[in-house]
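Encoded as structure tokens, the structure appears first; notes follow it.
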Amino acid sequence: MPRIIIGATGSVASVRVPALCSALVEQGHEVRVVATEPALYFFGADELPSGVKLHRDADEWPGDQYRRGDEVLHIELRRWADLLVVAPLDANTLGKFALGLCDNLLTCLFRAWDFGRPVVLAPAMNTMMWDKPATSRHLAQLWSDQTGRDAPAGWSLESAELHFAREAPALILVPPQSKRLACGDIGLGAMAEAGRIAEVVRDWAERSTPTD
């Protein structure tokens, strides 16, 4: 079965990372988690299923000083994984991905990723944050990076999932859902359910696994 990294960012939806890990482990995947420091406010390593390893920023460069021959963790993780699932993808990390910034383990992993293997993006943020023009602009930039073209006419948050699926299949967008958010607001922005993201992974795995 494919090996999967879950990238967790500083959204309240990171409370669902353990459940997503469990769903993927049940499918038979080997799973690791790369968490930003803000993400770890919402879950701990002890909540992850047995055998799921947690990597955090401090693991990138352990010890007092780099020595030639030491492994570069974000490169080793890229080599290990068949699929990267960023769930939840908060507004801050989306902006960093779009601009090519890499100031933590997860953003370095994304910047170094081999897009011969896909990345699943499951955004999660407040409705007002989701609706800001920057969100559409940052998703369009990721689409353009993959296709080498400017975003098509009529690009919108509502059409982005379809544009990614048709023309930039290395990025699989799982749009947020509308519900009462953790802050009490009601609207679009909540991360898709863990079960829905696991279904997307299963569908990808079935398509990518060779058949005799």
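Which one is right for this structure if mean projected area of the Cα convex hull in nm² is calculated from it: (1) 13.0; (2) 14.7; (3) 11.1?
Matching the structure shown: (1).
Nearest 5 is fine: what % of DSSP beta bridges in the chain come out antiparallel, could you say?
Given both bridge residues lie in the chain, the antiparallel proportion sits at roughly 15 percent.
Kindly list the residues of the range 22-39 that lie in the label zone of ASP82, defined by a backbone N under 18 Å from the point 7 Å along the Cα-to-C-beta vector.
22-33
Which length gain, in nm to one decimal place, applies between TYR41 and GLN27 when the Cα-Cα distance is subtracted from 0.36 nm times their residue separation?
That works out to 2.3 nm of additional length.
How long is the gain from ALA165 to ASP145 if the chain were fully straight, where each residue apart is worth 0.36 nm and the alpha carbon distance is subtracted?
5.8 nm
With both bridge residues required to lie in the range 1-114, what share of the DSSP beta bridges run antiparallel, to the nearest 5%?
Of all bridge pairs located within the range 1-114, approximately 0 percent are antiparallel.
Note down the relative contact order for the range 1-114 as a percent, whole number, built from C-alpha pairs under 8 angstrom at least six residues apart.
Computed value for the range 1-114: 35 percent relative contact order.
Identify the residues of the range 89-129 with backbone N under 19 Å of a label point that sits 7 angstrom from the Cα of SER156 along the Cα-to-Cβ direction, or state none.
Flagged as within label range: 127-129.
Stretched out fully, how many nm does the piece from ARG111 to ARG137 gain, at 0.36 nm a residue minus the Cα gap?
Value of the extension gain: 7.5 nm.
What is the helix-to-structure angle for 194-208, meaning the angle in degrees between its Cα long axis and the longest Cα principal axis of the chain, kept from 0 to 90 and rounded to the nearest 10?
80 degrees
Using +1 on the beta carbon of Lys and Arg, -1 on that of Asp and Glu, and nothing else charged, what's the dipole of the range 33-97 about the Cα centre, debye to 20?
My answer is approximately 240 debye.
Using a Förster distance of 30 Å, how high is the FRET efficiency between ARG196 and ARG3, based on the Cβ-Cβ distance and rounded to 0.05?
After rounding, the FRET efficiency stands at 0.90.
Quickly rank 59-69, 104-114 as a protection proxy: mean count of other C-beta atoms within 10 Å, highest first.
Descending packing order for the listed peptides: 104-114, 59-69.
Applying a 10 Å radius around every beta-carbon, put 34-45, 138-149 in order of their mean neighbour count, most first.
For the peptides 34-45, 138-149, the packing ranking is 34-45, 138-149.
In degrees between 0 and 90, to the nearest 10, how far off the longest principal axis of the chain does helix 133-147 point, with axes built from Cα atoms?
70 degrees
What is the order of CYS102, CYS183, fewest Cβ neighbours within 10 Å to most?
Lowest to highest Cβ neighbour count: CYS183, CYS102.
Where a number appears in this text, it was derived from the coordinates with a stated rule and is not lab data. Source: prediction; values computed, not measured. Glycine also receives a Cβ, built like all others from the backbone with ideal geometry; neighbour counts cover every protein chain displayed.
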